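> Okay, handing you the structure first.
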Amino acid sequence: MRMQKLALASSLVAIPVLVLGGRTVAQEGLAASLTIGERLRVVNETGPDRDGDDGTSAVTTLDFNLTSQTNTQTLGLSLNTALPLYLDGGPDDDNFEFEDPDARLNYSIESKNALLGVNAIYRRTDVGDGIFFDEDLNQDVVTGGGTRTLFSFAPSLIVGRDGPVTSEFGYRYVSDTFSETADSSDSNTNAANARISFRISPVLDTFVFARYSEEEREGTTQTDRITSAYGVGASYALNPVTNIRASFSFDDDETVDQAGNVVSSNDGLGFEFDLQRARPNGTYRLSLSREETINGTRYNTSLGRNIELPRGILDASLGLSKNDGESVEPLFNISLSRAVSETSQLNFRFSQSASINDADNNVIRTRASVDYTYQINTLSNLSAGLQFADDNETGAGAIDERTLSVNLNYNYALGQEWDMVSGVSFRNEKSTGSLDSRTSTVFVGLQKRFDW
């Protein structure tokens, strides 16, 4: 079986090479790269939820990237995965499986008045790492063993970009599935949105919009969620530095059981109001909103400021959120991107938002990340990262799901596109009422990059 794995890894390495080698990749704006690595890795897992990756393994890593850009079209494709060969412990050798496969496609084509785009994502990773990717999908924090597989397909279309009437259409399909050992339910989501804007004058725009989302969740005790909203709005420039935007909508939300019976339903009027005022080194902004959810009415307000720094940008806001029958929750958001020196960069982000989780409970989502890179010299560099995710249910009987991940990596260029790579990482998962699960990883290896 081990020889079969090695043979398969060799075949996977050869496929991109043969594809690129069999054609001319000298077209303007077209570039491709393939990075092949081999590393020795040691994983230690403790706690009730273990993924079975314990022990020492030799891991083959594959990373393929393709980009193409012309005056009207842009294409980006990335494929990466790993193939572990366990030397002791770990899963049964007879159960061959790629580790953390990730495929992403971005494509757009545009003309003077239209833009068509397509975004697709497929990835499979440990449940604890699932939340740290694709934050725009608004995923729940899920703890426990097993794997999480996500597929997302999202086309979009804009028509009349430079005209008095601009139409925008979008659709997204998301499939979120878990292995049998994971304590969560599979779901499929179909969401669509449309917006038509009318330029009345150089300072006034009006628009109409509609949104629809249907989330189907598997399991006899699970309920499906259907939400929709449609309304009108306007944007008006009071002066060259001050702009206001307001919209009103009718919101309709309901949950349906597996037999098609409505379990809960809520509808009503919602509104959004935004005020922005530009300053020489940034902008002030004020936001107020009211929306109907499956759990009642939610009010949000926030005051924010972004500042242009000499070597970066800072953005911060302080807000409040209030759900029916619950206390006021403070929401704090801050992000900082700054060049610490000519050879180092720091990115920091902390965000909080009010939402509804997969159990149909109100939740405060907290996300934080820190990334630091340091170019030690022309041959070596150091990078460090921290990622934190917390879903805190509000109200009685609240459940808290939390995941923390920390990593440190060191790379050294050996020459002729060869690099020595090494790193350590630690992940901690915690859920109310259960013991913590911890995973620590240490690796060292070599990798080579091929460019076309």
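> Under 12 Å from a point 7 Å along the Cα-to-Cβ line of D252: which residues of segment 283-316 have their amide N that close?
none
> In segment 199-255, which GluC sites (Glu not before Pro) fall in coil by DSSP and have 16 or fewer other Cβ atoms within 10 Å?
Values: sites: E214, E215, E216, E218, E254; in loops: E218.
Passing sites in segment 199-255 are E218.
> If each of T343 and L204 carries a label point 7 Å out from its Cα toward its Cβ, how far apart are those two points in nm?
Rounded to a tenth, the inter-label distance reads 5.9 nm.
> I'd like the distance between the alpha-carbon centres of segment 375-452 and segment 182-213, rounded to an integer number of Å.
35 Å
> Assuming 0.36 nm per residue, please report the length gained on full extension of the stretch F153 to D88 beyond their Cα-Cα distance. Display every interim value, and only then the final one.
Details: separation 65, 0.36 × 65 = 23.40 nm, distance 3.86 nm.
Gain in length upon complete extension: 19.5 nm.
> Between L77 and L303, 0.36 nm times their residue separation minus their Cα-Cα distance comes to what?
Numbers: separation 226, 0.36 × 226 = 81.36 nm, distance 3.85 nm.
So the extension gain works out to 77.5 nm.
> Students often forget the sequence filter, so: which aspartates and glutamates lie under 17 Å Cα-Cα from K448 once same-chain residues fewer than 8 apart are removed?
Reachable aspartates and glutamates: E38, D63, E417, D419.
> Looking only at Cα atoms, what is the convex hull volume of the chain per residue, in Å³? Write out the running numbers ahead of the final one.
On the way: hull volume 79.7 nm³, N = 452.
Taking the convex hull of the Cα positions in the chain, it is 176 Å³ per residue.
> Using 7 Å Cα-to-Cβ label points, what is the L314/R161 separation (nm, one decimal)?
Placing both labels 7 Å beyond Cα along the Cβ direction yields 3.6 nm.
> Can I ask one more? With a 1.4 Å probe and every protein chain left in place, tell me how much accessible area W452 has, in Å² to the nearest 10.
My reading of the accessible area for W452 is about 90 Å².
> Another question about this same structure. About the Cα centre, and with charges only on the beta carbon of Lys, Arg (+1) and Asp, Glu (-1), how big is the dipole of the chain? Nearest 20 debye, please.
2160 debye
> Using a simple spin-label model with points 7 Å from Cα along the Cα→Cβ vector, what separation in nm is obtained for A191 and W418?
Once both label points are built, they end up 4.8 nm from each other.
> Same structure again: Putting +1 on Lys and Arg Cβ atoms and -1 on Asp and Glu Cβ atoms, find which of G233, G304, S289 reaches farthest to the positive end of the dipole of segment 200-333.
G304
> Taking the Cα atoms only, what angle lies between the long axis of helix 2-21 and the longest principal axis of the chain, rounded to 10 degrees?
Orientation of helix 2-21: about 60 degrees from the principal axis.
> What FRET efficiency comes out for the pair F350/L275, r = Cβ-Cβ distance, R0 = 25 Å, nearest 0.05? Each step should come with its number before you reach the end.
Details: r = 24 Å, r/R0 = 0.95.
The pair F350/L275 has a calculated efficiency of 0.60.
> Still on this structure, please answer the following. Under a point-charge model restricted to the Cβ atoms of Lys and Arg (+1) and Asp and Glu (-1), what is the dipole moment magnitude of segment 401-452 relative to its Cα centre, in debye to the nearest 20? Please list the in-between numbers first.
On the way: 6 positive and 6 negative charges, 31 e Å.
With Lys and Arg at +1 and Asp and Glu at -1, about 140 debye.
> Please compute the per residue accessible area over the chain with all protein chains in place, 1.4 Å probe, rounded to a whole number of Å². Before the final figure, lay out each step's value.
On the way: 23920 Å² over 452 residues.
About 53 Å² of surface per residue is accessible.
The values are calculated or read from the model by the stated rules, or taken from the named source; none is laboratory data. Remember, it's a predicted structure, so these values are computed and weren't measured experimentally. A quick note on method: Cβ atoms are made from the backbone with ideal geometry, for glycine too, and the neighbour counts reach across all protein chains shown. Side chains included, ligands, DNA and RNA excluded: accessible areas come from the protein's heavy atoms. Shrake-Rupley method; radii C 1.70, N 1.55, O 1.52, S 1.80 Å.
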